[in-house]
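Scroll down for the structure; my scribbles are underneath it.
The values are calculated or read from the model by the stated rules, or taken from the named source; none is laboratory data. These numbers were taken from a predicted model, which means no experiment stands behind them. Reconstructed Cβ throughout: ideal geometry from the backbone, glycine too, with neighbour counts over all protein chains shown. Quick note on the areas: whole protein, heavy atoms, side chains included, nothing else; ligands and nucleic acids left out. Shrake-Rupley method; radii C 1.70, N 1.55, O 1.52, S 1.80 Å.
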Amino acid sequence: MKTKFAHDLPFGASLLPSGATRFRFWAPAQKQVSLEIDGAAPMPMKATDDGWFEREVACSAGTSYRYRLDSGVSVPDPASRAQADDVHGPSLVVDPRRHDWRHTEWRGRPWHETVLYELHVGAFGGFAGVQAALPVLADLGVTAVELMPINDFPGRRNWGYDGVLPFAPDRSYGTPDELKALVDAAHGLGLMMFLDVVYNHFGPDGNYLSAYAPAFFREDIATPWGAAIDFRRPEVRRYFTENAVYWVNEYRFDGLRFDAVHAISEADWLDEMAAEVRRSVEPGRHVHLVLEHDGNVADHLRRDFDAQWNDDAHHVLHTMLTGERDGYYADYADAPARRLARALSEGFIYQGDPSAYRNGEGRGTPSNDLPPTSFVLFLQNHDQIGNRPFGDRLTSHVDPERLEAAIAVQLLAPHVPMIFMGEEEASRSPFLYFTDHKGDLADAVREGRRREFAGFKAFAPGEGTSSIPDPNEPSTFERSRLVADAEQGTARRHLYRRLLGIRRESLTGRLQGARSLGASAVEPATVVARWQLGDGGTFTLVCNLGSDPAIIESVEGDLLYESRAGAGAAARSGRIAGATTVALLGAAS
């Protein structure tokens, strides 16, 4: 008998052993709600306590349905497992036990083995396209594939952060069973699958919650993306906790990345949710929870979260490589080598320190007690490329030798590395901001995007805000598909495979229990960082991301990697050339 995985949701459409389907819908602002099945006459639902409406109907998987409100408007199920078409149309009853899982013995991988690869599903051609790419990623040395949000969004093109139906994979990417097949195939190759989930806001088109459950939102605070979600309410907390458990247990995702959680006002919910996810997972299975938090709050990492995206480390590396000082990069332009040394040795750069970009406000909390694997290290990601006016990558701004020295730091440091799709091929394809909005909303998004960059100082001659691609044009999405660099792509892929091979063979098995031994800086671009590994040995990284040579303290250890011939011997003698990284491994004492 084949194993079936399903999570029984306490709301939405649930198939019952009797063959009927139970529908359960929270609409506290409604006096009456009716159920519409496959276009038949509406059937009144029974009102129960606290704004809930219920009804059981003899119908099976594949049945389309909507809820009709007092106003006569028919809305999709906010807990829809799938949509018949798009976010405004009917929801579908789904049999979550239909997929026959092949790799039921899979229990995941320990966190310290993680090498993340972030990708956009649409740019790969949907779930089937990602599945076809998995063997290549496994061969590269990636151990975990992270999908940008896949929850149902309006139209056929979107980053995913405009989603409005968190339980429904977007139909333009494929069916629920095709998503499960993708996860299943990844497990067969030894790859973990991660999913980026968005719990801080809903998108601007297709979110009907305010029509029947305005209590879902707060009126006293807002987020940059609209009304804040009211996590003080138990119904709201349960809705999103169930979503996290659903992806982990029904779809067998090995990890979740939680988007911009600083915009969730009730921070205690994060720990409550994470603890429940942990309790829901069968013994012996590895599941990982990762935060994005602009506030650099470290406390969650001492509880049930494994790690956090280290924006600080990205920002200082970007500043060192490009010289950019606009916006938040201004906080990293002064003494960048010292700041990189702190990121490598302590995690966050801002640990309560005043931020000039934030008008002197203190940012962050102490993180120097945490292990290096508590921090996800990246040179680029969807935000840091796509939120530039032209979606340009580092390959367009940094000479190859300096960029490859930074890549060596990213992939060999004892932090958890994350690659953004195309980096391994030296791709110059932009990753642009794209949507598929219509009418006034499309106009507002296009013009808002241009206003956002009105003060941008790095426009090339002849460029301006009118040159910024229209997010709603199909060509904006098409330009964001990957194309390997014809000149550097093959060599860059070999570099990634080599560095990840060194990490796997010489470092990964020693990362548990690793701790920093400190880091020193030689301005403007040289850092020497040391760690004690879990087996008692030492690991040393020396990097000079500038162009000029630097004098350093002499270092010791067996050579693991040098980005240019002779650099290891020079480092042992106290010198390092520009655009160079050296890695050394010392034996346990």
Got a sec? Which of 203, 155 is within 24 Å of residue 440 (Cβ to Cβ), in contact (Cβ under 8 Å) with a residue 12 or more places away in the chain, open to solvent by less than 10 Å² (accessible area, probe 1.4 Å) and not acidic (Asp, Glu)? 203
Of the residues that sit in the stretch 117-129 and are over 16 Å from the mean Cα position of the chain (by Cα) and among the hydrophobic types (A, V, I, L, M, F, W, C), which one is surrounded by the most Cβ atoms within 10 Å (Cβ to Cβ)? 127
Quickly run through the stretch 207-242 and pick out the residues that are within 23 Å of the chain's Cα centre (by Cα) and either β-branched (Val, Ile, Thr) or on the phi > 0 side of the Ramachandran plot (or both). 223, 226, 229, 236, 241
Of the conditions (1) surrounded by 15 or more Cβ atoms within 10 Å (Cβ to Cβ); (2) under 15 Å from residue 265 (Cα atoms), residue 235 satisfies every one except a single condition; which number is it? (2)
Screening 138, 132 for residues that are open to solvent by 10 Å² or more (accessible area, probe 1.4 Å) and either without any contact (Cβ under 8 Å) to a residue 12 or more places away in the chain or at positive phi (or both) leaves only 132
Residue that is modelled with the lowest pLDDT [pool: residues in the stretch 438-454 that are exposed (fewer than 13 other Cβ atoms within 10 Å of the Cβ) and on the phi < 0 side of the Ramachandran plot]: 454
How many of the residues making up the stretch 16-34 are open to solvent by 20 Å² or more (accessible area, probe 1.4 Å), assigned to a loop (DSSP other than H, G, I, E, B) and either within 17 Å of residue 62 (Cβ to Cβ) or acidic (Asp, Glu) (or both)? 2
What number of residues within the stretch 553-570 are within 14 Å of residue 539 (Cβ to Cβ), of a type outside the set (A, V, I, L, M) and open to solvent by 40 Å² or more (accessible area, probe 1.4 Å)? 2
Suppose we keep only residues that are without any contact (Cβ under 8 Å) to a residue 60 or more places away in the chain and among the acidic types (Asp, Glu) within the stretch 298-339. Which one would you say is surrounded by the fewest Cβ atoms within 10 Å (Cβ to Cβ)? 334
Test residue 114 against the stated conditions and say whether it is open to solvent by less than 20 Å² (accessible area, probe 1.4 Å) and within 29 Å of residue 156 (Cβ to Cβ). no
State all residues of the stretch 178-200 that are in a loop (DSSP other than H, G, I, E, B), of a type outside the set (A, V, I, L, M) and either farther than 18 Å from residue 152 by Cα or open to solvent by 10 Å² or more (accessible area, probe 1.4 Å) (or both); if no residue qualifies, say none. 190
Looking at residue 431 and the list (1) of a type outside the set (A, V, I, L, M); (2) open to solvent by 20 Å² or more (accessible area, probe 1.4 Å); (3) part of a loop (DSSP other than H, G, I, E, B), which single condition is not satisfied? (2)
Check whether at least one residue in the stretch 475-494 is touching a helix residue (DSSP H, G or I) at 6+ places or on another chain (Cβ under 7 Å) and more than 30 Å from residue 430 (Cβ to Cβ), and report yes or no. no
Restricting to the stretch 265-286, count the residues that are among the aliphatic types (A, V, I, L, M) and either within 15 Å of the chain's Cα centre (by Cα) or open to solvent by less than 10 Å² (accessible area, probe 1.4 Å) (or both). 4
Listed by first then second residue, the pairs whose first member lies in the stretch 354-373 and is over 30 Å from residue 539 (Cβ atoms) and open to solvent by less than 40 Å² (accessible area, probe 1.4 Å), whose partner is outside any loop (DSSP other than H, G, I, E, B) and not hydrophobic (A, V, I, L, M, F, W, C), with beta carbons under 7 Å and at least 6 positions apart or on separate chains, are 355/331; 355/361; 355/363
Matching entry among 501, 578, 513, 546 (being assigned to a loop (DSSP other than H, G, I, E, B), open to solvent by less than 50 Å² (accessible area, probe 1.4 Å), touching a residue at least 24 places away in the same chain (Cβ under 8 Å) and out of contact with any Asp or Glu (no Cβ under 7 Å at 6 or more places or on another chain)): 546
Return yes when residue 106 is open to solvent by 30 Å² or more (accessible area, probe 1.4 Å), among the aromatic types (Phe, Trp, Tyr) and modelled with pLDDT of 95 or more and no when it is not. yes
